Amino acid sequence: MKKFLNIFCICLFAAFVLVPLYAQTEDGGIVEVDQSVSTSSSAKTYLVDDAMLLSSPQAQALEQKLGSISERYDCDVVVVTKTNISGSNVTGYADDFFDGNGYGRGSDNNGILFLITMEEREWAISTSGHDAITIFSDWRQEQITGKMMPFLKAGDYAGAFDAFAQSCEYYLSRGVPSEETLSGEDGIVSGQGHSAGADTEKGPLDPVWAGISALIGLISSWLGSSAKRSKYRTVVERTTASGYEKLAGATGNTADRFIRTQTNRTLRPTETASRTSFSGGYSHSSTHTSSSGHTHGGSHGSF
């Protein structure tokens, strides 16, 4: 009996080891390992232009920029272009390309990858690692893709990828969203870092404007309530009792009538989001699990 239990335990352990490996190598049209991508942090390929969207000088310049940003902030910044992904889910493809090709820095595999597929006309962003996921919040990803979209729709892929690299560098320099870093985050100017003074994500309200807003609100409330009160001023003062004596002898239906109704309101339960987040508000980062079991943030769309 003891021998049988030992054999059973060995088989069970082997199953736990082999099943994940099988799942990652199964021909599901998602997992892809690019043999041209080096897993060494000192020789990684940060641009994988399989769709041949860039000229040689453009590709060389972008590769150098992505590598420099990745080294400076210890977070891999990657661009991948594909002719097609054979009907695979674009988000899953981006996640598995990141995992399968050894991207990510540090013990938490921090990095961000932008994938574009030409036949499907789709794009996806995949983030990995706690720091990268929280830095590249949902709001910040919207800003990144918003700056890229005009270039993508115009077919200027070099401009789009440069905007991606520049935006990533900007947000990496800002760090994890906080009260101090949430102001002035829309000031990225093409080819020049960022401009100060733009308060788009979150920033303090000027006291003067706060006072003006409060005054406008008070005046609006007073005018609205005055207009409503005027509708109910139907009682007129009389100096004699003429007219009331007619009511005393009036005949007719004396049944009581309800002139008011009561409505009970019950709060409708809201659906709880299935995605987790590391923080709230503008720093919210939606996450999901890739086929390899790793946590990723990200977004996707079409162009």
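Quick look at the values:
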{"item": "Total residues in the range 266-292, condition out of contact with any Asp or Glu (no Cβ under 9 Å at 6 or more places or on another chain) and either modelled with pLDDT under 50 or of a type outside the set (S, T, Y) (or both)", "result": "14"}
{"item": "Members of the range 23-64 that are at pLDDT below 90, closer than 17 Å to T83 by Cβ and among the charged types (D, E, K, R)", "result": "E32, D34"}
{"item": "Residue within the range 79-99 that is of a type in the set (A, V, I, L, M, F, W, C), over 15 Å from G293 (Cα atoms) and part of a helix (DSSP H, G or I) present", "result": "yes"}
{"item": "Subset tally (residues that are closer than 17 Å to E122 by Cβ and either crowded, with 22+ Cβ neighbours inside 10 Å or among the basic types (K, R) (or both)) for the range 149-179", "result": "4"}
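The values are calculated or read from the model by the stated rules, or taken from the named source; none is laboratory data. Just so you know, these numbers come straight off a predicted model, no measurement behind them. Quick reminder, even Gly has a Cβ in these numbers, built from the backbone with ideal geometry, and neighbours come from all protein chains shown.
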